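Below: the structure, in C-alpha coordinates.
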Amino acid sequence: MYVIGSDCIACGACADSCPAGAISMGDERYEISQDMCISCGACIDTCPTGAISEQ
Ligand code: SF4
Ligand code: SF4
(Lines give C-alpha, C1' and ligand atoms only; values in the text may rest on other atoms or scores of the structure.)
(Ligands and ions follow the chains in the order given, each with its own letter.)
Protein backbone atom coordinates (compact mmCIF):
# COMPACT_ATOMS: atom_id res chain seq x y z
CA MET A 1 0.00 0.00 0.00
CA TYR A 2 1.05 3.57 -0.66
CA VAL A 3 1.18 5.94 2.30
CA ILE A 4 1.97 9.63 2.92
CA GLY A 5 4.35 10.34 5.78
CA SER A 6 5.20 13.28 8.00
CA ASP A 7 7.40 14.93 5.35
CA CYS A 8 4.23 16.05 3.53
CA ILE A 9 4.12 19.84 3.15
CA ALA A 10 0.54 19.78 1.82
CA CYS A 11 1.46 21.11 -1.62
CA GLY A 12 -1.33 19.13 -3.29
CA ALA A 13 0.76 17.95 -6.26
CA CYS A 14 0.09 14.29 -5.59
CA ALA A 15 -3.66 14.79 -5.51
CA ASP A 16 -3.51 16.42 -8.96
CA SER A 17 -1.38 13.57 -10.32
CA CYS A 18 -3.47 10.67 -9.04
CA PRO A 19 -5.49 9.09 -11.86
CA ALA A 20 -7.82 7.45 -9.37
CA GLY A 21 -8.64 10.55 -7.32
CA ALA A 22 -7.49 8.66 -4.25
CA ILE A 23 -5.58 11.51 -2.55
CA SER A 24 -7.17 14.28 -0.53
CA MET A 25 -6.31 16.62 2.34
CA GLY A 26 -6.71 15.04 5.76
CA ASP A 27 -6.47 16.53 9.24
CA GLU A 28 -2.72 17.22 9.19
CA ARG A 29 -1.48 16.16 5.75
CA TYR A 30 -2.67 14.65 2.53
CA GLU A 31 -3.96 11.11 2.77
CA ILE A 32 -4.41 8.19 0.37
CA SER A 33 -7.70 6.31 0.31
CA GLN A 34 -6.67 2.66 0.28
CA ASP A 35 -10.06 1.75 -1.14
CA MET A 36 -9.53 3.98 -4.18
CA CYS A 37 -5.78 3.61 -4.81
CA ILE A 38 -4.93 1.46 -7.84
CA SER A 39 -1.23 1.23 -6.88
CA CYS A 40 0.07 2.90 -10.04
CA GLY A 41 2.94 4.65 -8.23
CA ALA A 42 2.53 8.00 -10.01
CA CYS A 43 2.29 9.97 -6.77
CA ILE A 44 5.71 8.84 -5.57
CA ASP A 45 7.45 10.55 -8.49
CA THR A 46 5.35 13.70 -8.07
CA CYS A 47 6.06 14.43 -4.42
CA PRO A 48 8.78 17.10 -3.97
CA THR A 49 9.66 15.95 -0.44
CA GLY A 50 9.64 12.19 -0.94
CA ALA A 51 6.84 11.87 1.57
CA ILE A 52 5.07 9.05 -0.26
CA SER A 53 6.29 5.48 0.05
CA GLU A 54 5.15 1.96 -0.69
CA GLN A 55 4.89 -0.23 2.37
S1 SF4 B 1 -0.31 4.95 -6.29
FE2 SF4 B 1 -1.44 5.86 -8.04
S3 SF4 B 1 -3.61 5.50 -7.54
FE4 SF4 B 1 -2.47 5.20 -5.63
S5 SF4 B 1 -2.54 7.19 -4.61
FE6 SF4 B 1 -0.63 7.13 -5.82
S7 SF4 B 1 -1.16 8.10 -7.80
FE8 SF4 B 1 -3.08 7.53 -6.77
S1 SF4 C 1 3.03 15.80 -3.23
FE2 SF4 C 1 4.04 15.19 -1.30
S3 SF4 C 1 4.24 17.09 -0.12
FE4 SF4 C 1 2.73 17.47 -1.75
S5 SF4 C 1 0.72 17.03 -0.77
FE6 SF4 C 1 1.43 15.15 -1.78
S7 SF4 C 1 2.51 13.99 -0.17
FE8 SF4 C 1 2.31 16.11 0.53
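The values are calculated or read from the model by the stated rules, or taken from the named source; none is laboratory data. As the structure is a prediction and not an experimental result, all values here were calculated from the model. Keep in mind that these areas ignore ligands, DNA and RNA; they rest on the heavy atoms of the full protein, side chains included. Shrake-Rupley method; radii C 1.70, N 1.55, O 1.52, S 1.80 Å.
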Query - the chain - convex hull of the alpha-carbon atoms, volume per residue in Å³ - result: 68
Query raised in the report: Which percent of the accessible heavy-atom area of the chain goes to carbon and sulfur, probe 1.4 angstrom?
Result: 45
**Report entry** Å² per residue, accessible surface of the chain at 1.4 Å
**Finding:** 62
Query raised in the report: So what is the relative contact order of the chain, in percent, for Cα pairs below 8 Å that sit 6 or more residues apart?
Result: 49
